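Written out below as C-alpha cells is the structure these notes cover.
The values are calculated or read from the model by the stated rules, or taken from the named source; none is laboratory data. Note that the coordinates shown come from a computational prediction; the quantities given were computed from them, not determined experimentally. Positions of Cβ are backbone-derived with ideal geometry, glycine not excepted, and every protein chain shown enters the neighbour counts.
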C-alpha cells in the first residue's frame, strides 16, 4: 500500500461516500480501528479512489476487525499474472499457427494436403507440447490457484462459522 492511496468508504444502500482511509499500515493493521479493534468500514463498502472497479467494491461485515484491502490487491495481482500468462500462451499458439500455415503454403509435404482446420489442430498440438507452452499453462494455473486461496481466506474471515 502506498501512502497516497485513497480508499473510499461507501454507504451500502446509496453508494455515497461516507469517508476515506489510506489502507492498512505497514503491519497490515487498520490505523483507524477503534479500541475494540473494529475497523471504521465495518458494515460498509470499500473501493479504491480510481476507475478500476474489477474486483471492487468489497462489502465489509459488521463488527469486522481486519483490513481486506491488501488481500484484494493480492487477488488482483494474481489474476493479472494469470491473464498475462494466458495472453502469452495464445501469442505462442498464434505464432505456431502462422508458421504451420506458411509451411503449408510453401508446399511442405507434411502440411500441404491439410485443410485449414487440420493445420490449426496441428499447430495447437505442436505448440502444446513445447516446454514454453507447458510452463505458461503451469504458471497461469498457479496464479489462479493463489487468487482462489486469497479469496477463500477473505470469505472465511467474513463468515468463519459457515
Residue 111 versus (1) in a helix (DSSP H, G or I); (2) modelled with pLDDT of 95 or more; (3) surrounded by 18 or more Cβ atoms within 10 Å (Cβ to Cβ): which is the lone unmet condition?
(1)
Number of the exception - residue 35 against (1) loosely packed, with under 13 Cβ neighbours inside 10 Å; (2) in the same structural domain as residue 150 (by TED's automatic domain parsing); (3) modelled with pLDDT under 95:
(2)
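Among the residues of the stretch 41-57 satisfying the criterion of being part of a loop (DSSP other than H, G, I, E, B), in contact with a strand residue (DSSP E or B) (Cβ under 7 Å, 6 or more places away or on another chain) and at pLDDT 75 or above, which is surrounded by the fewest Cβ atoms within 10 Å (Cβ to Cβ)?
Taking the candidates together, the pick is 57.
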